[in-house]
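The values are calculated or read from the model by the stated rules, or taken from the named source; none is laboratory data. On a predicted model such as this, the values are computed, not experimentally measured, just so you know. Cβ atoms come from the backbone with ideal geometry, glycine included; neighbour counts cover every protein chain shown.
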């Protein structure tokens, strides 16, 4: 199978590209910055193509000859305000990919989205929902067979989720959290990749939407405190009331890189947990965070690691 992945150099795309290459599929990784894909150069059957996906003619040219397009492009925050940045990536690009698939004769599109797309107040969720609506409309019209995967927060050894909180915990004695009781069902990257592989292998998944959640539910505060304990750090994790959480988001709107934002705060007002079990529909039994993440989470120094191993050994003996 010939697969073109947009956003293939990111966290999910890198894992998916490696899996597809191992199983003998021909993979084209579309990127705007080829040097950022150096880690994929050694993947068998993978080709890196640098171009702007908003260039409609070039996109059609690159799509020709492929059996399926996978769109993993997404942002958690925009550079400006008002939602225009989200709309450009989550709606305009999706519509351009649909048009490109139609013109290039690519029969299938798999769209990566997020849980709660189309719900709530945030620009992120609203535009995700509009992008999904475009895929479903294209599927109904017969322009392209579309499948949508909606994932809760995805974790893995090289993720930007656990690693970001781990970095904050290592440098700050106190970590204040907006929406501390917001719920998540973190999903392991290997399970997400397996979902993609099963969708690719089954044309009957066309027109379907699959919600992907791990086997455990966490509150944000509970997860960060668990991570702190795994790293064997002494840190105060403090849940903020909503009025302070909103102020935190507003303040971070003006921090370079926007590690948190007002829009993130609005997204957190809806729990990121599944209403339907997409993994079960695909015949997959997902892992939980506490089952997999300890394998790579380590305390920050040798003495702390030694103490952690001693505690684990005592628990196993008991």
Looking at residue 203, is it touching a residue at least 12 places away in the same chain (Cβ under 8 Å), farther than 25 Å from residue 270 by Cβ and touching a strand residue (DSSP E or B) at 6+ places or on another chain (Cβ under 8 Å)?
yes
Please specify each residue of region 124-167 satisfying the condition of being touching a strand residue (DSSP E or B) at 6+ places or on another chain (Cβ under 6 Å), over 28 Å from residue 106 (Cβ atoms) and either in a loop (DSSP other than H, G, I, E, B) or at pLDDT below 95 (or both).
152, 153, 161
If we keep just the residues of region 83-130 that are on the phi > 0 side of the Ramachandran plot and touching a residue at least 40 places away in the same chain (Cβ under 8 Å), which is surrounded by the fewest Cβ atoms within 10 Å (Cβ to Cβ)?
105
Number of the condition not met by residue 259 [criteria: (1) touching a helix residue (DSSP H, G or I) at 6+ places or on another chain (Cβ under 7 Å); (2) surrounded by 14 or more Cβ atoms within 10 Å (Cβ to Cβ)]
(2)
Could you go through region 147-166 and let me know if any residue there is without any contact (Cβ under 8 Å) to a residue 40 or more places away in the chain and farther than 22 Å from residue 271 by Cβ.
yes
Let me confirm something: among 174, 193, which residue is touching a residue at least 40 places away in the same chain (Cβ under 8 Å), touching a strand residue (DSSP E or B) at 6+ places or on another chain (Cβ under 7 Å) and either closer than 29 Å to residue 2 by Cβ or surrounded by fewer than 18 Cβ atoms within 10 Å (Cβ to Cβ) (or both)?
174
Run residue 180 past the list (1) farther than 28 Å from residue 103 by Cβ; (2) modelled with pLDDT of 95 or more; (3) not in a loop (DSSP other than H, G, I, E, B) and report the number of the one that doesn't hold.
(3)
Which count do you get for residues in region 228-280 that are free of Cβ contacts under 8 Å to residues at least 24 places away in the same chain and not in a loop (DSSP other than H, G, I, E, B)?
8
